[in-house]
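*Asks:* Structure provided below as structure tokens; questions to follow.
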2 protein chains.
Amino acid sequence: MLQAQGRAVHQCDGGWVPVFVDQEQTVSLMSVGFLLEKPDEAVVWRGPKKNALIKQFVADVAWGQLDYLVVDTPPGTSDEHMAAVEALRPHSPLGAIVVTTPQAVSVGDVRRELTFCKKTGLRVIGVVENMSGFVCPHCAECTNVFSRGGGEELARHAGVPFLGSVPLDPKLTRSLEEGRDFIQEFPHSPAFHALSAIAQKVLETPAQLS
Amino acid sequence: MLQAQGRAVHQCDGGWVPVFVDQEQTVSLMSVGFLLEKPDEAVVWRGPKKNALIKQFVADVAWGQLDYLVVDTPPGTSDEHMAAVEALRPHSPLGAIVVTTPQAVSVGDVRRELTFCKKTGLRVIGVVENMSGFVCPHCAECTNVFSRGGGEELARHAGVPFLGSVPLDPKLTRSLEEGRDFIQEFPHSPAFHALSAIAQKVLETPAQLS
């Protein structure tokens, strides 16, 4: 998505140097993908080895001064999630953004993620509903591909903020596929409006008192 | 999806009795969900505990005479996948059905799943492309929500069969949400045709010589 494939991670005195994806060096990345020899290689690692790497990604990367560190996890409540929560705890993380799709099957999984956050003492910044309706580019009619409103109901039920719904937008996926800048190209798309409103709410979330 | 929530697993001499979802008792299920006290409970388990349960689900469930045992795993190449492959190896599994969505980001993940299958000696029955195009119910025009053809290209590149593409179908998701029988209700939908053609190819896959 960020056109960073094949880039390499270097060592410096402060640890691994993350990969910068823009000219202005405002966004830096770290991924196990940068450490593999071949991009198709499977990371067939058991829990303890993954946990160690997750800790290293927090402690041993020369992140420098950051405004935000975003950790994109797979779905679930497993080793990776526990390791990330533990590694970040000393840094007082702002919290978790929990993403669901609208259908009941997904909402059920995400309900368990919310229980996980509660158990591990991680604040929930809010719930995002992704793939929320599809506006046909041919006739402009909106269809709820996967039903709708599950995310908002989940947030209300769990007593956490609802951050917003992001519609399915073929323009967004095409831009990402081709590594183009969605914001520059489609400033009026419904997906962009939804995403920037969500980002704004996250930015307004106050740090937690420790 | 199968309207089995809240059902309980009982013990018999042969082990756990799986949950039957139809009157004719042709489909039986086992899930960690049946063993939890509350449906929202998060299974915050590390690898070794999960591995033990996966082994039990193969060895300690009174499955009886089965035509097929389908193991639905989360995406990834982690503890769960290794545990499932190891537990099933003595039973000579038919192989893995690898599901992707069409966009490059997903295809990249799935390429690593294929490497995992190769490493662990699991035959790949084939690749399925899910969410492959959306037929607007208002104007009947088809839009490639997430681009298209990634799954087929992936299969060709990896030298494994391509089993088919399943379009996004709001009727299918609505039926699943409401626990209705999609096959009975929508026998002419494109998603049903795609799914039954895929099932047919899987049924025709010969057992492996051991």
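*Asks:* Out of the residues in segment B:19-43 that are part of a strand (DSSP E or B) and among the hydrophobic types (A, V, I, L, M, F, W, C), which is farthest from the other protein chains (Cβ to nearest Cβ)?
*Replies:* The qualifying residue farthest from the other protein chains (Cβ to nearest Cβ) is B:Phe20.
*Asks:* Follow-up. Test A:Trp16 against the criterion of being more than 30 Å from B:Leu172 (Cα to Cα) and part of a strand (DSSP E or B), and give yes or no. Give the derivation first.
*Replies:* Working: more than 30 Å from B:Leu172 (Cα to Cα): yes; part of a strand (DSSP E or B): yes.
Yes, satisfied.
Each row is one residue, and each column tells you yes or no for (1) part of a loop (DSSP other than H, G, I, E, B); (2) assigned by the TED database to the domain that holds B:Ser78; (3) surrounded by fewer than 17 Cβ atoms within 10 Å (Cβ to Cβ); (4) among the aliphatic types (A, V, I, L, M).
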position	(1), (2), (3), (4)
B:Ile125	no, no, no, yes
B:Met131	yes, no, no, yes
B:Cys139	yes, no, yes, no
B:Ala155	no, no, no, yes
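*Asks:* Do we have A:Thr143 as within 12 Å of another protein chain (Cβ to nearest Cβ), buried (at least 20 other Cβ atoms within 10 Å of the Cβ) and either within 26 Å of B:Val44 (Cβ to Cβ) or more than 16 Å from the chain's Cα centre (by Cα) (or both) here? Step through it out loud before you land on a result.
*Replies:* Numbers: within 12 Å of another protein chain (Cβ to nearest Cβ): yes; buried (at least 20 other Cβ atoms within 10 Å of the Cβ): no; either within 26 Å of B:Val44 (Cβ to Cβ) or more than 16 Å from the chain's Cα centre (by Cα) (or both): yes.
Taking the combined requirement at face value, the residue does not satisfy it.
*Asks:* Can you tell me which condition A:Thr73 does not meet? The list is (1) more than 14 Å from every other protein chain (Cβ to nearest Cβ); (2) within 26 Å of A:Thr26 (Cβ to Cβ); (3) surrounded by fewer than 20 Cβ atoms within 10 Å (Cβ to Cβ), and all the others hold.
*Replies:* Exception for A:Thr73: condition (1).
*Asks:* Just wondering, is there one or more residues in segment A:179-191 that are in a helix (DSSP H, G or I) and of a type in the set (Gly, Ala, Ser)?
*Replies:* Yes, because at least one residue in segment A:179-191 is in a helix (DSSP H, G or I) and of a type in the set (Gly, Ala, Ser).
*Asks:* Step by step: first the residues of segment B:76-97, then only those that are crowded, with 20+ Cβ neighbours inside 10 Å and away from chain A (no Cβ under 12 Å), then the one that is farthest from A:Asn51 (Cα to Cα). Which residue is that?
*Replies:* That would be B:Ala96.
*Asks:* Contact list please: Cβ distance under 7 Å, first residue in segment A:89-116 and in a helix (DSSP H, G or I), second residue hydroxyl-bearing (Ser, Thr, Tyr), pairs at least six apart or on different chains.
*Replies:* Here the result reads A:Ser106/A:Thr100; A:Val107/A:Thr100; A:Val110/A:Thr100; A:Arg112/A:Thr77; A:Glu113/A:Thr77; A:Phe116/A:Thr77, each pair linking segment A:89-116 to a residue that is hydroxyl-bearing (Ser, Thr, Tyr).
The values are calculated or read from the model by the stated rules, or taken from the named source; none is laboratory data. Note that the structure is predicted; figures quoted are calculated from it, not measured. Using ideal geometry, Cβ is built from the backbone for each residue, glycine included, and neighbour counts are taken over all protein chains shown.
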